[in-house]
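Peer 1: Have a look at the structure that comes next, please.
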Amino acid sequence: MGKKSVKKTGADGKAGKQGKKKKSTTSAIEDALACPPTAHFFQELVVGHGIGDSAVEDATEAYRKAWESRREKAFHAAQMHEHESGKHCVAGEHLILGPFFGPQSWRIENEDPQRATTWSWLGFQSVHFSRKK
């Protein structure tokens with residue numbers, strides 16, 4: 001029926017390379033996308049209560065004392081935050097951002113005895129960066 005044709009060669013007369021695979025490499029962007037950062041926000045509620053004639057002053061003082069202990073607690077929790085990397089990622093830099101805090105709110109009840117409560121949120125953001133193994 002038909003003739004078998006002769007295989008064509010390249011421009012310089014040599015046969016083309018067959019059966020070789022290109023080496024698989026990934027770009028830096030692909031490596032970064034494989035290991036995204038992980039983050040967690042550690043928050044604490046700061047509350048101060050007061051009762052009696054100096055309820056507002058007592059609540060303010062209790063709030064100041066609670067602020068420092070709650071700040072330390074949230075900061076410690078952010079420091080102890082474990083890295084949650086994928087199976088092909090290793091831990092890199094660990095950043096702790098903050099403190100962040102919300103507006104201070106008040107509730108004052110003018111009954112006998114007078115009561116005052118103040119509160120707000122504070123917290124720290126823990127961010128882990130990782131890289132590909």
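Peer 1: Limited to segment 110-133, what total is found for residues that are closer than 24 Å to G50 by Cβ and either touching a residue at least 24 places away in the same chain (Cβ under 8 Å) or assigned to a strand (DSSP E or B) (or both)? Even if it seems obvious, please write down each step before you answer.
Peer 2: The initial filter retains those residues of segment 110-133 that are closer than 24 Å to G50 by Cβ, namely 110-122.
With the extra rule that they be either touching a residue at least 24 places away in the same chain (Cβ under 8 Å) or assigned to a strand (DSSP E or B) (or both), the set shrinks to 113-122.
Final tally of qualifying residues: 10.
Peer 1: A further question follows. If I ask for residues that are open to solvent by 60 Å² or more (accessible area, probe 1.4 Å) and either in contact (Cβ under 8 Å) with a residue 60 or more places away in the chain or in a loop (DSSP other than H, G, I, E, B) (or both), which ones from segment 62-109 would you list?
Peer 2: Across segment 62-109, the qualifying residues are M80, E82, E84, K87, H88, P103, Q104.
Peer 1: So in segment 28-61, with the set limited to residues that are small (G, A, S) and closer than 21 Å to H128 by Cβ, which one is surrounded by the fewest Cβ atoms within 10 Å (Cβ to Cβ)? Let's see the steps before the verdict.
Peer 2: First pass over segment 28-61, keeping only residues small (G, A, S): 28, 32, 34, 39, 48, 50, 52, 54-55, 59.
Now narrow it down to the ones that are closer than 21 Å to H128 by Cβ: 28, 32, 34, 39.
On the way: A28: 8, A32: 15, A34: 15, A39: 14.
Among residues in segment 28-61 that are small (G, A, S) and closer than 21 Å to H128 by Cβ, the one surrounded by the fewest Cβ atoms within 10 Å (Cβ to Cβ) is A28.
The values are calculated or read from the model by the stated rules, or taken from the named source; none is laboratory data. The model shown is predicted, which means the values in this text are computed figures rather than measured ones. Counting neighbours? That spans all protein chains shown, and the Cβs are built from the backbone with ideal geometry, glycine included. SASA here: full protein model, heavy atoms, side chains in, ligands and nucleic acids out. Shrake-Rupley method; radii C 1.70, N 1.55, O 1.52, S 1.80 Å.
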